[in-house]
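Undergrad: Questions regarding the structure given below will be posed in turn.
The values are calculated or read from the model by the stated rules, or taken from the named source; none is laboratory data. Fair warning: this is a prediction, and the values are worked out from it, not measured in the lab. Don't worry about glycine lacking a Cβ; one is built from the backbone with ideal geometry, like all the others, and counts go over all protein chains shown.
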Amino acid sequence: MGVGFQAFTESGVFQIDGTTPNYQLVQSMSAVSQLIRIDTVWNDKNIQFQGQFWVCSFTFSAEVPLYAFSADAGVGVSLWDAKSGDGRTYTVRFITEVQATVRLFVFSKAPVSGRGFGLQVFDGQGQLIADAASPFYRVLDVIYDGYMRGTGWTVEGAPSPQWQQRSYDRPVLISGMWPAHYIWGSSNTNQRLWDVLEISAVRVSGGSVSWGTLLYNGGRGPNITTFCECWRYRFMVLDGTGII
């Protein structure tokens, strides 16, 4: 490393040199999920079907951001979708198992804090690349697996996901979520519903994280026709110290 410095912490090393990405908190917001209809699938007649869920939506602007979230203690949260039309403004939607407050934290390039104290680092072009006044995006753990083995299309007995748990010695956030997801069918086709959804979710309470699947609007069958890849999941656990 020609310029810059390394900051050693209990959980690892931050290398701040202008070339190694270091994301810092630039925005935080919260909202309460609402019971609304959202689009789910199209059928072979090009008809849009929907489902009704507790949904929380956020829109924000940032430069190549990462985001993390937390909800009320013990409430399951799933990422529904994340979209951007211009690469600058993003909309992220979550499903919660009950009505709950969801908090979103956006991380991007270091903002100018304007606090007048603390360590700041600039690159050779004079651009601020780190500000000690803003929390860093610190990954504690990466959790990923699948509830079905193999790849591709399959017809077989349905998986039976079990809830799992890990604990950390600090408050945590969830980021980089890709949920396992499958729609079993419809609770009422006459209302154009295709809404019997099973989707992986994460529950957080302080430093405890549990994950499994939640089932909405109906039941599941003993057998399944699906792509195995639909049953894979992934998320990261972040250090929430100083953030929540």
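Undergrad: What pairs can you find where one residue is in the range 69-95 and in the same structural domain as Gln34 (by TED's automatic domain parsing) and buried (at least 20 other Cβ atoms within 10 Å of the Cβ), the other is part of a loop (DSSP other than H, G, I, E, B) and among the hydrophobic types (A, V, I, L, M, F, W, C), and their Cβ atoms are less than 8 Å apart, with a gap of 6+ or different chains?
TA: Ser70/Ile244; Ala71/Ala100; Val75/Val98; Val75/Ala100; Val77/Ala100
Undergrad: Which of the residues spanning the range 26-68 are in contact with a Cys (Cβ under 9 Å, 6 or more places away or on another chain) and crowded, with 19+ Cβ neighbours inside 10 Å?
TA: If the condition is that a residue be in contact with a Cys (Cβ under 9 Å, 6 or more places away or on another chain) and crowded, with 19+ Cβ neighbours inside 10 Å, then Ser33 is the only one that fits.
Undergrad: So in the range 96-106, with the set limited to residues that are among the hydrophobic types (A, V, I, L, M, F, W, C) and over 15 Å from the mean Cα position of the chain (by Cα), which one is surrounded by the fewest Cβ atoms within 10 Å (Cβ to Cβ)?
TA: In the first step, residues of the range 96-106 are kept if they are among the hydrophobic types (A, V, I, L, M, F, W, C); the result is 98, 100, 102, 104-106.
Filter again for over 15 Å from the mean Cα position of the chain (by Cα), leaving 98, 100.
Numbers: Val98: 12, Ala100: 19.
The qualifying residue surrounded by the fewest Cβ atoms within 10 Å (Cβ to Cβ) is Val98.
Undergrad: Here's something else I'd like to know. Please verify whether Val155 is at pLDDT 95 or above and more than 18 Å from the chain's Cα centre (by Cα), treating the condition exactly as stated. Don't jump to the end; show me each part of the working.
TA: Numbers: at pLDDT 95 or above: yes; more than 18 Å from the chain's Cα centre (by Cα): yes.
Yes; evaluated as a whole, the condition is true for this residue.
Undergrad: For the range 136-151, enumerate the residues that are among the aliphatic types (A, V, I, L, M) and either exposed (fewer than 13 other Cβ atoms within 10 Å of the Cβ) or in a loop (DSSP other than H, G, I, E, B) (or both).
TA: Our first condition is that a residue be among the aliphatic types (A, V, I, L, M); within the range 136-151, this holds for 139-140, 142-143, 148.
Within the range 136-151, Val142, Met148 qualify.
Undergrad: Hey, another quick one. Taking the range 62-76, which residues are over 23 Å from Thr241 (Cβ atoms) and at pLDDT 95 or above? Show your work before the answer.
TA: Of the range 62-76, the ones over 23 Å from Thr241 (Cβ atoms) are 63-64, 76.
Scanning the range 62-76 gives a single hit, Gly76.
Undergrad: Continuing with this model, one more query. Tally the residues that are of a type in the set (Ser, Thr, Tyr) and either assigned by TED's automatic domain parsing to the domain that holds Trp80 or at pLDDT below 95 (or both), restricting the search to the range 188-219. It would help to see each step written out before you state the result.
TA: Looking only at the range 188-219, we keep the residues that are of a type in the set (Ser, Thr, Tyr), and these are 189, 200, 205, 208, 210, 213, 216.
Restricting the remaining residues to those that are either assigned by TED's automatic domain parsing to the domain that holds Trp80 or at pLDDT below 95 (or both) gives 189.
Here the count works out to 1.
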